[in-house]
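Novice: The structure is given below, and queries will be raised subsequently.
The values are calculated or read from the model by the stated rules, or taken from the named source; none is laboratory data. This is a predicted model, so every value here is computed, not measured. Quick reminder, even Gly has a Cβ in these numbers, built from the backbone with ideal geometry, and neighbours come from all protein chains shown. Keep in mind that these areas ignore ligands, DNA and RNA; they rest on the heavy atoms of the full protein, side chains included. Shrake-Rupley method; radii C 1.70, N 1.55, O 1.52, S 1.80 Å.
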Amino acid sequence: MRKRTPDIRIKRVYDPPEEQDGARVLVDRLWPRGLSKEAVALSLWLKDVAPSPELRAGFCHDPRHWEEFRRRYFAELAGNGGEALSQLLALAQNGPVTLLYAARDTEHNNAVALASYLSDSIKGTKS
């Protein structure tokens, strides 16, 4: 039996939950302001895959620092994200997984970088 290709999606946590989201996984270290756990409709909160506070503070969602952020974040994931990353990939083997993030920037955030890292891991390549 062939394994299905993981279906990993990205969504801002402030957007309403939808049935097609599948497993909804918050990948931020901090709880999003102004939202209740019921409103978020979480399947899982994986703080361990969020960037370190130092990395997050240094990046400040500045697109000029995006490539450096990705490089350092990927190094953090490779160093200490093993179990949490395996958990994410296992969830994605069973259906869609939506990575939830709170940042306003929809293109330069940890969920976008994490999805890229997971995709590269599945393909066996490095970004």
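Novice: Between Arg104 and Ala78, what FRET efficiency comes out of the Förster formula 1/(1 + (r/R0)^6) with R0 = 35 Å and r the beta carbon distance, rounded to 0.05?
Specialist: Result of the calculation: an efficiency of 0.80.
Novice: Give me, ordered by chain and number, the residues 5 or more places off Thr98 or on other chains with an amide H under 5 Å from its own placed amide H.
Specialist: Counting only residues 5 or more places away or on other chains, the set is Arg9, Ala23, Arg24, Val25.
Novice: Could you check how much of the accessible area of the stretch 12-116 is carbon and sulfur, as a whole percent, using a 1.4 Å probe?
Specialist: That share works out to 50 percent.
Novice: What is the calculated FRET efficiency for Gln20 to Asp48, with r their C-beta to C-beta distance and R₀ = 30 Å, to the nearest 0.05?
Specialist: 0.70
Novice: Can you compute 3J(HN,Hα) from phi for each residue in the stretch 40-48, using the Karplus curve 6.51 cos²θ - 1.76 cosθ + 1.60 with θ = phi - 60°, rounded to whole Hz and x for Gly and Pro?
Specialist: 6, 6, 6, 8, 6, 10, 10, 5, 5
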